[in-house]
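Each remark here refers to the structure printed beneath this line.
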Amino acid sequence: MPNVFRRLRRRASQTESLPSSQAPFARDSSGPRVRTGSESQSSPRYWGPRASTYANNMARQSTDNRRSLAGAHNLSRDQQQEQQQKPAGLSQPWLVLQRSIFSSWINVLLLLVPVGIASHPAKFPEVAIFLINFFAILPLAKVLGYATEQLALHLGDTLGGLLNATFGNAVELLVAILALVKGKIEIVQTSLVGSILSNLLLVGGCCFLFGGIKNNEQIFNAHAAQSYGSLLAMAILSTLLPAAYNSLNAKDADLKSGTLTLSHVTAIFLLVIYIAYLFFQLKTHVNLFSAVPMHERRAAALKPAKAAADEENELETPQGETTAMATIAPSPAPDSLPPNPVTGVAPNELIAEMPGTTHNEKDMLDARDVPEMDEGDEEEERPELTTIAAIVLLLGITGLTGVCAEFLVDSIDGLTTKWNLSPSFVGMILLPIVGNAAEHVTAVTVAIRNKMDLALGVAVGSSIQIALFVMPFLCILGWIIGQPMTIYFSPFTTVVLFVTVLLVNYIIGDGRTNWLEGLVLIIAYAIVGVAYFLYPKDMDTSSTSL
């Protein structure tokens, strides 16, 4: 190796000692090396710079090729991501099943669905049939809620919340119809009242609790909450009147006949009110049920320490610098202030340019306190299924739920006998937990995301639908098939329902909620559950005791 370096140095010294006319390269006044005229491109001394130029060109071309390949790779990756985010339709049945099954970890219980369907023909013990179908309905309700959410993304929040409540109540409706046909009126009535209590206390309480833990305070449309409260009060009136009627001193036969007639007439009027409510919500007064703007929800959700820090940062002005907001600080007479020395704009001109502002001091403070909304604060949720695919999935899951619900109802008698439970506890607590699984998961999920308007529409809207539609519908259906289904409940159940609606109206009336109010509702539901667990088994909570 030393010999090689020695030769290279010797050749370099020989090249430098040549005259300028014989040297392969000469230097001009500016410094760069240039080829002399006496040297041709075929000269042996020219192969070095030629090879260097060729190598540079090849390196440039290789770099360009790599960049183009990287761009093509990124483009294909973006296309793949766009293809994956595209809603799956009926032409992709495996993708529809994959997205619906893997939408939640609880869907692993779908393995119990075929076992639950086969349990009745295989003559399993009634307790086993009840438990298998009980846990099989839970993932079915979750998939039902997922399909409803996908449909709601295509139709909007208001109609989406209504559809979520409707299909979420499909489980209760199927269980109630099957029990009514079999003459189990006590199970029907207690499951309906239990669904109302579960939606208002358990589902609503979990929404307020878990949403309030993540967000300091959550706000929602107070006008919609007042409408919900009025409808719930009307539902309570329809249950109080039959209870008051049965307190009259009259013959039992007259009371029973009068209660049936009063229930049938009341059911018809309740259906009219529900239809009017749908027309009011979806047609004439849509704006009353619109969601609160995102920047207002974000401002209410800030923790106290963070809110105070943000306010201090907004009020601080750098030393030696005057900002435009400092220029329009509250003052008794903005027109009399001189122009800003930095911006050159007078306060009255700056205020006039702000849309919707006045010279009122409170208005300027309100405009300053509203936090700015970043573009990435609320990502738009994209649907994973097309509208047709979501509807087909809804119909299929509803059919499977109906089969499991029928076997569940048939095994209730064996469960109450084996475990010494009252039918009131089974209908009031156990069955509503199964039926409300879809609403529960959906409402809590959107509440944690600070979408309390949608959560309230699912939880309270589901209770309104049961009270104003499902209950009167079953009453009229019992009238048609000859079952004495009424809207009369025992005084104990009526009092529980009345106090529940009163408590919920107090909480949602101001349009604001926090985690403490959610905890109050959950504890209230726990107290009601203990009361019905201790309810005497030989006592009836329905109108069949008349």
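The values are calculated or read from the model by the stated rules, or taken from the named source; none is laboratory data. Quick caveat, the model's predicted, so the values are computed rather than measured. We place every Cβ from the backbone using ideal geometry, glycine too, and count neighbours over all the protein chains shown. Just the protein is used for accessible areas: all its heavy atoms, side chains included, with ligands, DNA and RNA removed. Shrake-Rupley method; radii C 1.70, N 1.55, O 1.52, S 1.80 Å.
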When a/c is below 1.5 the answer is rounded, else prolate if a/b is larger than b/c, else oblate, so apply that to the stretch 120-203 with a ≥ b ≥ c taken from the square roots of the Cα gyration tensor eigenvalues. prolate
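Which order, highest average first, do 93-103, 136-146 follow once you tally other Cβ atoms within 10 Å for each residue and take the mean per peptide?
Details: 93-103: 15.5, 136-146: 25.5.
Highest mean packing first, the order is 136-146, 93-103.
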How large a share of the accessible area of the stretch 451-538, in percent, is made up of carbon and sulfur atoms when the probe is 1.4 Å and the other protein chains stay in place? 76 percent
What does the accessible area per residue of the stretch 428-517 come to in Å², with a 1.4 Å probe and no ligands, DNA or RNA counted? 33 Å²
Just read off the accessible area of Phe130 with the full protein assembly in place, 1.4 Å probe, to the nearest 10 Å². 10 Å²
Taking the highest mean first, how do the peptides 422-428, 443-449 order by number of other beta carbon atoms within 10 angstrom per residue? 422-428, 443-449
Probe of 1.4 angstrom, ligands and nucleic acids ignored: what's the accessible area per residue over the stretch 172-274, in square angstrom? 37 Å²
With the Cα gyration tensor of the stretch 395-542 giving a ≥ b ≥ c as the square roots of its eigenvalues, does the rule (a/c under 1.5 for rounded; else a/b larger than b/c for prolate; else oblate) give rounded, prolate or oblate? prolate
Under the definition of Cα pairs under 8 Å and six or more residues apart, what whole-number percent is the relative contact order of the stretch 170-316? 31 percent
Strictly over 31 Å apart at the Cα level, which of Lys214/Lys537; Lys123/Lys537; Lys251/Lys418 would you flag in this model? Lys214/Lys537; Lys251/Lys418
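Roughly speaking, to the nearest percent, how much of the stretch 198-254's 1.4 Å accessible area is carbon and sulfur?
61 percent
By its C-alpha gyration tensor, with a ≥ b ≥ c as the square roots of the eigenvalues, how is the stretch 393-472 shaped: rounded for a/c under 1.5, else prolate for a/b larger than b/c, else oblate?
Prolate shape, in that a/c is at least 1.5 and a/b is the bigger ratio.
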Which of Trp515, Thr500, Leu468 sits closest to the plus end of the dipole of the stretch 443-543, meaning its Cα is farthest towards the positive end, when Lys and Arg get +1 and Asp and Glu get -1 on the C-beta? Trp515
